[in-house]
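Visitor: My questions all concern the structure below.
Values quoted throughout were computed directly from the atomic coordinates according to the rules given, and no laboratory measurement underlies them. Predicted model only: the values in this text are computed from it and were never measured. Counting neighbours? That spans all protein chains shown, and the Cβs are built from the backbone with ideal geometry, glycine included.
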Amino acid sequence: FMTEDEGDGRLYRFVSAGRVSAVNGGEGLDLDNGQLQVLEVSGFENGAYMEDLEAAREIHRVRWVDVQSPDRPQKRVREGIMNSTGVGAPGTRFKGGEGIWIQFWPEGAQETVSGYAHPLRAVVFFACKGDNRVYALDVDNDLIEVVFDNAQLEATGEAGFDDVDNLVISPAGDVVVAEDGDAMRLMVIVPNQPAKILLQVPGGGSELTGPAFTPDGSRLYFSSQRAPSGLTGLLPLGRTYELTVPEAFL
């Protein structure tokens, strides 16, 4: 799965043609052959955008469509299709796709999804900085919804996010989103409920990036991309931080 950092971007997936022998004697996915596809939300095909926020918060069905000219930059392909046909290229529009995370649940921990055939096995979470939304895509049931938008943060009295960016899910299931903007915050979202600010790094002029937990969830690492480095004076080479998570919060 792949996001696209464009104002008229799309969400993509690559479907491998099958499995091939690996160098270690086992098998792996054939990454040289397959199909690149783009996501279409039902009712929002050919470049349409889910403008109505209340509607975007509802669950929608999706389908995958083969892209045209997969060997070319898709932004140029979209422009060519629009210029020649006057119709938008396949795929729902997602504004400035950024961080993406696939969350899996093992057998025995998969909840049923009422009215649908498959249990909840894998969800793709992805952030879009153009409208400060985080989406959740149920891979097996082909369902999507917005699980965070700035209204949920502003309801707590906090200023809205200035560009949601990277995201990660903790071993405990917390969805943590980093901010690409002067406020430079990490936020914990609770789908469709008020969000909580975890921390803020002062200074601005950078962005928080690359949040990652240790497997036991006891430490969270993240970086300030253009922060002055303590090792090289004021050169903007960045800093990496470690946050220790107290036992009571694990």
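Visitor: Tally up the residues in region 181-191 that are touching a strand residue (DSSP E or B) at 6+ places or on another chain (Cβ under 6 Å) and either under 23 Å from residue 57 (Cα atoms) or surrounded by fewer than 17 Cβ atoms within 10 Å (Cβ to Cβ) (or both), please.
Guide: So the answer is 5.
Visitor: What number of residues in region 121-165 are of a type outside the set (Phe, Trp, Tyr) and in a loop (DSSP other than H, G, I, E, B)?
Guide: Of the residues in region 121-165, 18 are of a type outside the set (Phe, Trp, Tyr) and in a loop (DSSP other than H, G, I, E, B).
Visitor: Then there is this: Within region 129-141, identify whether any single residue is of a type in the set (Lys, Arg) and crowded, with 18+ Cβ neighbours inside 10 Å, and answer yes or no.
Guide: yes
Visitor: Further question: Being surrounded by 17 or more Cβ atoms within 10 Å (Cβ to Cβ) and among the aromatic types (Phe, Trp, Tyr): is that true of residue 94 here?
Guide: Yes.
Visitor: How many residues are touching an Asp or Glu at 6+ places or on another chain (Cβ under 8 Å), assigned to a helix (DSSP H, G or I) and surrounded by fewer than 18 Cβ atoms within 10 Å (Cβ to Cβ) if we restrict to region 45-91?
Guide: Total satisfying the criteria: 2.
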